[in-house]
Structure formats: structure tokens, C-alpha cells
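S.K.: One structure follows; several queries about it will come next.
The values are calculated or read from the model by the stated rules, or taken from the named source; none is laboratory data. All values reported here derive from a predicted model rather than from experimental measurement. For the accessible areas, the whole protein counts, side chains as well, though only heavy atoms, and no ligand, DNA or RNA atoms are used. Shrake-Rupley method; radii C 1.70, N 1.55, O 1.52, S 1.80 Å.
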Amino acid sequence: MKRKFHVAVAALIGLAIVLTALPSKAQTVLDGAWIKEHNKTKKVIQYPFIREADVMFAKRIWQDIDLREKMNLPLYYPLEESNGMKSLFDVIKDALLVEGSITAYSTGVTGREDDFRTPLLRSDVQTMLEKPDTTYTEDPDTGELVPVYQVIKTTSQDITRYRVKEDWFFDKQRSERYIRIIGIAPLKERRDENGEATGAYETLFWLYFPECRYVFANWDSFNRFNDAERRSFDDLFQKRMFSSTIVKESNVYDRKLDDVYTGIDRLLKAEEIKEKLFEMEHDLWSY
């Protein structure tokens with residue numbers, strides 16, 4: 001009995017030695033001079049309470065954020081996780097498919113629904129981002145066309161624009177103009193049969209921004225001026241550190257600027273709307 005016990009102990013010790021000698025996948029070396037924990041443990045600063053009776057003026061605005069612009073590059077890069085940072089779309093995708101911490105909402109049959117009426121299941125989002133595709137290639141032996149099945153995944157490289165739905169309003173209680181982002185949606189450029197970009201964009205889904213803040217606040221974005229001053233994605237949006245173009249304002253026809261204007265006229269109209277919003281705040285004051 002004792003002999004069997006000693007043999008079992010020796011076997012366990014040998015197994016422990018072997019497991020200890022195997023290379024570990026977990027990183028045990030600190031990549032840096034200090035532990036970066038500020039944004040990982042950061043809490044979301046709540047919005048101040050707004051009474052409807054205190055709102056003197058309000059306007060709903062839709063804007064597009066083009067990630068190809070220099071100011072918006074921190075939202076686009078890195079395309080793959082690096083140094084504890086991800087692109088905004090990778091953060092969103094992991095929150096939807098892995099963590100389940102936020103909810104995606106359908107754009108409806110027409111693709112223009114943005115009022116968060118129809119929530120999507122995790123399987124619906126995965127099907128949207130991972131679409132099966134069939135191509136045909138020639139068999140070198142027989143010369144016949146052979147089908148090749150593959151799954152085309154939507155990655156952060158494919159998302160070059162975001163659309164945000166905002167409320168611009170003036171609170172007379174605090175004598176301040178506020179901009180609240182209500183929703184955000186990733187836009188993917190459509191491609192033709194040859195894989196060439198068409199210049200048209202489709203809205204994948206809508207996200208309720210106040211819910212997304214709890215995820216965005218815990219992920220770093222790149223700061224081109226100072227690596228020690230880490231900014232979260234929530235900081236970028238709250239401090240308006242992005243460049244955008246107005247594509248729609250609330251109107252009786254519920255039309256976008258693209259439905260009425262083209263080319264330079266659309267850009268001029270967008271700037272006119274933005275100028276009127278700033279003049280509205282200025283005209284409320286008496287000097």
C-alpha cells in the first residue's frame with residue numbers, strides 16, 4: 001500500500017515538473033514601466049439631469065464621421081489589437097459577440113430605421129458580420145470549374161465611417177448648450193461583383209450610445225501628443241475630438257441632405273446648418 005502511495009506521489013511530482021517546463025501562453029512580463037490601469041477601472045461620468053421645461057431650443061442632427069480624415073484616425077487604428085488598444089469597431093464587435101454587454105438594433109426593411117425599435121440577437125449580428133460566399137475556380141487537372149466555399153468576415157478595415165444621431169439643445173437652467181449623442185452606427189462601403197468600392201455605404205446596425213459609454217470608457221485610444229495621457233473612446237466623443245459632416249437635420253419631409261443636394265451644394269448646406277446652430281446659442285445672449 002505504501003509502495004503504491006509513493007509511486008502515485010512520484011508520478012504527480014513528475015507531472016508537475018513537466019507542466020512547469022512547458023511554455024506558458026500567459027504573459028508574465030510587464031510591457032512598460034508601469035501598470036496601465038487608469039482607463040481599465042474608469043467609471044462613466046453621468047450626464048446632468050435635464051428637465052423638459054428647461055429646454056428652450058432643440059434640434060436633432062445626424063452626422064457622418066469619416067475615419068479617413070487625420071483627426072479621426074484614432075477611431076480606425078490599430079486594425080489589430082496592439083499594446084492594449086483596439087480599433088473602435090473591434091471594441092464594438094467584442095462587446096456584441098463575446099461579452100454581450102451592449103445591444104445592436106436593426107435598421108429595418110428600408111435600412112433607415114434608427115429609433116432602436118428592433119433589437120438584434122447575437123446570432124443575427126454574427127450572421128451579418130460573417131457572410132458565406134461561393135466562388136468558382138478552375139481545376140488544373142480536369143479544367144472544370146470547382147466551387148470554393150469561404151466566409152467573408154467584416155473587419156475593422158472595412159468600417160471607414162460612423163453615423164451619429166445627436167440632440168443639440170439649450171438648457172436655460174444652466175445657460176448652456178449641450179450636444180448629446182443618442183446613437184452610433186458603423187457604415188460599410190458597398191462593393192460590386194468585382195470587389196471594387198461603389199462609393200455607397202450601408203448601415204450595419206444602430207447602437208444606443210449611453211449604453212456604449214460603459215464599454216468605450218474602458219478602452220484606450222491613441223494620443224498622438226503624449227503616450228502618458230491616455231484617452232478613452234468615451235473621452236473622444238464627450239470632448240468632441242473628432243471631425244464630422246452633417247448629413248441630416250430634423251425636417252418635415254424626414255429627408256437627408258443627399259436626397260435634395262449633391263456635390264458641393266450638400267457640403268455648403270451642411271455648413272449652413274452648423275452655422276445656424278452656433279448662431280442660435282449666440283443670439284440667446286444679450287450684451
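S.K.: What number do you get for the stretch 122-218 when its Cα radius of gyration is normalised by 2.2 N^0.38 Å, N = residues? Mind showing how you got there, number by number?
M.R.: On the way: Rg = 21.0 Å, N = 97, 2.2 N^0.38 = 12.5 Å.
Its radius of gyration relative to the 2.2 N^0.38 Å reference: 1.68.
S.K.: Considering only protein heavy atoms, what per residue accessible area in square angstrom results for the chain with a 1.4 angstrom probe?
M.R.: With the other protein chains kept in place, the chain gives 66 Å² per residue.
S.K.: Next question. Out of Val252, Val260, Val151, any idea which swings most in a Gaussian network model of the chain, alpha carbons joined below 10 Å?
M.R.: In this elastic network of the chain, the residue with the biggest mean-square fluctuation among Val252, Val260, Val151 is Val252.
S.K.: Turning to a different aspect of this structure: Report the convex hull volume per residue for the stretch 188-284, counting only C-alpha atoms, in Å³.
M.R.: It comes to 211 Å³ per residue, whole-number rounded.
S.K.: Let me ask something else. Scale the Cα Rg of the stretch 188-234 by the rule-of-thumb value 2.2 N^0.38 Å and send over the ratio, two decimals.
M.R.: Normalised Rg, Cα atoms only: 1.74.
S.K.: Counting only residues 5 or more places away or on other chains, whose amide H sits under 5 Å from the amide H of Ile182 once H atoms are built in the peptide plane?
M.R.: Residues meeting the amide H criterion: Lys165, Glu166, Asp167.
S.K.: Please find, in a Gaussian network model of the chain (springs between Cα atoms separated by less than 10 Å), the residue of Glu144, Glu52, Glu275 whose mean-square fluctuation is greatest.
M.R.: Looking only at Glu144, Glu52, Glu275, the largest GNM fluctuation is found for Glu144.
S.K.: Of Lys165/Lys269; Lys86/Lys274; Lys42/Lys248; Lys86/Lys153; Lys43/Lys93, which pairs sit farther than 28 Å apart, going by alpha carbon to alpha carbon?
M.R.: Working: Lys165/Lys269 18 Å; Lys86/Lys274 31 Å; Lys42/Lys248 34 Å; Lys86/Lys153 17 Å; Lys43/Lys93 21 Å.
From the list (Lys165/Lys269; Lys86/Lys274; Lys42/Lys248; Lys86/Lys153; Lys43/Lys93), the Cα-Cα distance tops 28 Å for Lys86/Lys274; Lys42/Lys248.
S.K.: Hey, what do the phi angles of the stretch 197-207 turn into as Karplus ³J(HN,Hα) couplings, whole Hz, using 6.51/-1.76/1.60 and θ = phi - 60°, x for Gly and Pro?
M.R.: 5, 9, x, 9, 10, 10, 8, 6, 6, 10, 10
S.K.: Kindly state, as a whole number, the per residue volume in cubic angstrom of the convex hull around the alpha carbon atoms of the chain.
M.R.: Values: hull volume 81.9 nm³, N = 287.
Each residue corresponds to 285 Å³ of Cα convex hull volume.
S.K.: In sequence order, what are the phi-derived ³J(HN,Hα) couplings for the stretch 231-236 according to the Karplus relation 6.51 cos²θ - 1.76 cosθ + 1.60 with θ = phi - 60°, rounded to whole Hz, with x for glycine and proline?
M.R.: 10, 7, 5, 5, 4, 4
S.K.: Per DSSP helix of 4 or more residues, -39500 (n - 2.57); summed, then divided by the residues of the chain. What does that give at 222 nm, rounded to the nearest 500?
M.R.: Calculated at 222 nm, the ellipticity per residue is -7500 deg cm²/dmol.
S.K.: While we're looking at this one, here's another question. Report the Stokes-Einstein translational diffusion coefficient (µm² s⁻¹, integer) for the stretch 28-81, Rh taken as the Kirkwood radius over Cα pairs, at 25 °C with viscosity 0.890 mPa s. Mind showing how you got there, number by number?
M.R.: On the way: Rh = 16.6 Å.
My calculation gives 148 µm²/s for D.
S.K.: Give me the percent of accessible area attributable to carbon and sulfur for the stretch 78-200, probe 1.4 angstrom.
M.R.: On the way: 3180 of 7200 Å².
The nonpolar share, carbon plus sulfur, comes to 44 percent.
S.K.: Let me ask something else. Can you list the residues, at least 5 places off or on another chain, whose amide H is less than 5 Å from the amide H of Ser232, using H built in the peptide plane?
M.R.: Distant-sequence amide H within range of Ser232: Ser221.
S.K.: For Tyr201, what residues show an amide H to amide H distance below 5 Å, using hydrogens built from the backbone and excluding near sequence neighbours?
M.R.: Arg190
S.K.: When the Kirkwood hydrodynamic radius is evaluated over all pairs of different C-alpha atoms of the stretch 18-167, what value in angstrom, to one decimal, is obtained?
M.R.: One decimal place: 20.6 Å for the Kirkwood radius.
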